[in-house]
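I have placed the structure first, in the form of structure tokens, so that the comments after it can refer back to it.
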Amino acid sequence: MPVVASLLMIFWELRKKTLYNCVAMKFDEKIVRICLVNPPVIGVMEPWYDTPDFGRTGLAYLAGYLRHFTSVEIKIIDAKFERLDFAQTIKRIIDFNPDIVGFTAFTNEIKPAAYTATKIKQALSSCITVIGGVHVTAIPKETLMEFFAFDIGVIGEGEQTLLELCNAVAIGGSYRDIAGVIYREEGRLVITPPRARIADQDSIPFPAWDLLPPAKTYYIQSERGCPFSCIFCMNPNGKVARKRSVSNVIDEINLLISTFKPNRISFGDELFSVDMERAKNLIDAIKVNKIGEKVKWDVQTHVHYVDYEMFLQFKAANVDRVELGIETGDAESLRKMGKGTNLGKIFAAIEAGKKAGVNIGTFFLLGQPNETLKSLQSTVDLAVKLNPTLPMFGLMTPYPGTEVAKMAAKGEAGYKLLTTNWDEYNKQIGGAMEFANLTRRQIEWFQVKAYLKVYLLNYRFAELIRFVWDYRKAAFEVFKKILFKRNSLTHSLNQKPKDYEEMIYNNYTTEKETLISARDEWNDYQSNEAKRLKTLKLTTTSKY
Ligand code: B12
Ligand code: SF4
């Protein structure tokens with residue numbers, strides 16, 4: 001009997017203790033309110049990006065992850081998708097009264113994000129501002145030095161890091177043990193060890209699309225990463241492709257279709273078919289699930305990872321378009337680009353696609369290293385010969401973390417960096433750098449000529465009219481820039497608030513040298529991560 005009594009006593013004490021711990025957790029730990037923001041635009045130049053009919057995938061992923069693994073109150077404000085200007089965005093954030101505001105930004109979005117953060121800091125002084133996305137990932141120190149309004153930078157993949165940040169804020173803990181962040185402590189920047197990328201992509205919950213208004217298009221991500229190292233790309237997701245299982249992807253698409261009834265599903269994957277066997281299974285599953293009958297769908301991939309059999313499958317699954325990065329018609333540039341392609345592979349891929357009756361989109365990038373009028377001409381000639389359904393010609397832009405940015409900062413390959421005003425870092429009409437062998441005017445004329453020639457020399461007159469109409473806003477900006485001999489596009493950015501520059505300016509401009517060291521640091525991270533991931537057996541948790 002005394003034994004039973006003692007056991008009961010022990011059990012009771014333990015029960016009290018556990019109960020106490022739970023209650024204490026509830027009292028000490030607050031439910032964090034977090035607002036995730038895609039900043040507004042400072043001018044609509046590319047309506048398909050600046051006033052998109054889709055939300056930002058990265059933010060939906062972060063929200064989906066947070067709510068799955070912890071208790072938080074989350075709001076997503078996608079100013080571009082919701083057509084909000086700065087005042088409206090700022091008001092919405094303030095009304096939500098968050099503990100944390102997390103901004104996402106490509107390079108051309110970093111200043112709008114910083115402006116919004118500055119206003120939030122003024123209104124809600126205890127609110128913690130976090131910046132994530134490719135720009136801060138490429139140049140973390142400079143981003144925090146240039147933009148004082150950001151308290152914390154999240155470097156690289158953000159799901160786990162943001163979760164740990166929220167948990168730290170909930171208990172008032174330190175950020176020191178959180179991998180992949182940069183923050184200020186006693187006036188100095190602290191940078192923690194790099195964050196390991198998530199190997200099992202199926203372990204990531206679906207994006208929280210329900211936190212945004214229903215969209216016409218959804219960008220989904222069936223894999224992250226790409227084995228190549230193109231000189232103009234920092235390959236943010238690393239050189240080892242981490243793939244979701246076919247069933248996991250199909251479940252997401254079916255859920256999107258039944259919940260939101262979109263018109264289009266776009267695969268945001270760097271290389272949709274990097275694993276050809278898996279891609280073929282995925283295309284088959286798309287066909288079996290009759291997805292192509294319910295929505296338009298498109299993918300981006302690489303000429304090395306397609307063949308006639310795959311194109312036939314694409315056709316059977318009713319794909320709307322397969323997009324391929326061609327970049328240039330100059331064989332020498334192709335050889336040095338790090339894309340692993342050549343003219344032979346390009347022709348073979350496009351011929352196979354056409355033979356199967358698939359619409360092909362192609363990306364070209366004008367302004368390759370040591371570009372000349374002759375090499376530009378070969379690119380235009382190639383584009384005319386390939387005659388893709390949708391040709392797209394961008395201008396080389398020295399995005400931080402890329403080899404091209406390093407070359408431009410060093411003045412190599414005929415590049416001259418004009419500015420680190422990130423508002424100019426737009427691929428279609430930006431003015432971030434000059435080319436030694438060509439004036440910007442020449443290269444911009446080539447861009448216009450290239451579009452005209454592909455359509456006119458292939459007798460596609462009606463399509464040209466439709467193309468010009470669809471892309472009239474950007475076409476008009478390019479024409480204005482050429483006619484008025486403008487180097488910059490800032491004159492078109494007419495939605496900038498009056499105090500835009502003054503609010504952001506912090507007496508610090510990112511120096512050219514940063515773009516040189518950034519590339520080297522990024523390369524180190526990429527190769528360490530590639531080594532780590534290659535030792536893991538990257539399998540997905542389920543198979544279709
Ligand atoms: C799909 C895509 C697009 C889509 C985006 C659609 C959508 N719904 O999101 C569209 C077609 C709109 C697009 C447009 C452009 N794009 Co784009 N795009 C991509 C691509 C292929 C994938 C991006 C993606 O969705 N990844 C999946 C999500 C899950 O990842 P993520 O967004 O990076 O977010 C993760 C982390 O970055 C981080 N994170 C991001 N934000 C935040 C915020 C917080 C608070 C935290 C904590 C973490 C965090 O956590 C997220 C989850 O892990 C990338 C290449 C790449 N691999 O990243 C290029 C890429 C991002 N694009 C690029 C560029 C240049 C552009 C354009 C500027 C092109 C142009 N016109 O000149 C436009 C810009 C549009 C604009 N808003 O101004 C460059 C950016 C380079 C740079 N330094 O800025 C990239 C890297 C391509 C490249 N190779 O150069 N793009
Ligand atoms: S193929 Fe090149 S441009 Fe495309 S994601 Fe890979 S490294 Fe970047």
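For the chain, the mean residue ellipticity at 222 nm estimated from helices alone is -14000 deg cm²/dmol, where every DSSP H run of n ≥ 4 contributes -39500 (n - 2.57) and the total is divided by all residues, rounded to the nearest 500. Axis angle, to the nearest 10 degrees, between helix 57-69 and the longest C-alpha principal axis of the chain: 20 degrees. Summary value for region 16-198: 21 percent relative contact order, contacts being C-alpha pairs under 8 angstrom separated by 6+ residues. Say R0 is 45 Å: what FRET efficiency, to the nearest 0.05, do A316 and E185 get from their beta-carbon distance? My answer for the efficiency is 0.20. In a simple Cβ point-charge model (Lys, Arg +1; Asp, Glu -1; nothing else charged), region 16-198 has a dipole of about 500 debye relative to its Cα centre.
The long axis of helix 440-456 is offset from the longest Cα principal axis of the chain by roughly 80 degrees. Close amide H partners of L365, meaning residues 5 or more places away or on another chain with modelled amide H under 5 Å apart, are E327, T328, G394. Once both axes come from the Cα atoms, what is the angle between helix 276-288 and the longest principal axis of the chain, in degrees from 0 to 90, rounded to 10? That works out to roughly 80 degrees. Counting only lysines at least 8 places from K374 when in the same chain, those with an alpha carbon closer than 21 Å to its own are K336, K385, K416, K449, K453. Segment L452..T51, full-extension length gain: 141.8 nm, with 0.36 nm per residue of separation and the alpha-carbon distance subtracted. Here the peptides 106-117, 412-423 are ranked by packing, the mean other Cβ count within 10 Å, and the order with the highest first is 106-117, 412-423. What is the Cα centroid distance between region 222-243 and region 340-354, reported in whole angstrom? So the two Cα centres are separated by 21 Å. When Rg and the Kirkwood radius Rh are both evaluated on Cα atoms of region 334-489, their ratio Rg/Rh stands at 0.97. Along its first, second and third principal axes, ordered by size, region 66-153 spans 32, 30, 27 Å in Cα coordinates. Summarised in one figure, the compactness ratio Rg/Rh of the chain, Cα atoms and Kirkwood Rh, is 1.00. Annotation: peptides 345-354, 502-511, ranked by per-residue average of other Cβ atoms within 10 Å with the highest first, follow the order 345-354, 502-511. Straight distance only, please: which lysines reach the Cα of K243 with their own Cα at less than 24 Å, same-chain residues fewer than 8 apart left out? By straight Cα distance, K243 reaches K280, K287, K290, K296, K315, K339, K531, K534, K537, K543. DSSP bridge analysis restricted to the chain gives an antiparallel fraction near 25%, rounded to the nearest 5. Over region 16-198, the hull volume per residue, using the convex hull of the C-alpha atoms, is 126 Å³.
Our estimate of slack between N254 and K336, defined as 0.36 nm per intervening residue step minus the Cα-Cα distance, is 25.4 nm. With R₀ set to 56 Å, the beta-carbon distance separating Q377 from K30 gives a calculated FRET efficiency near 0.35. Full extension of the segment from A436 to V288, taken as 0.36 nm per residue of separation minus the current Cα-Cα distance, would add 48.0 nm.
Within the straight-line cut-off of under 22 Å between alpha carbons, the lysines reachable from K121 are K30, K75, K80, K91, K111, K141, K496, K498, sequence neighbours fewer than 8 places apart in one chain being disregarded. Across all C-alpha atoms in region 112-153, the radius of gyration and Dmax reach 9.8, 29 Å.
Each reported figure results from applying straightforward, stated rules to the coordinates on display, with no laboratory input. This is a predicted model, so every value here is computed, not measured. Glycine also receives a Cβ, built like all others from the backbone with ideal geometry; neighbour counts cover every protein chain displayed.
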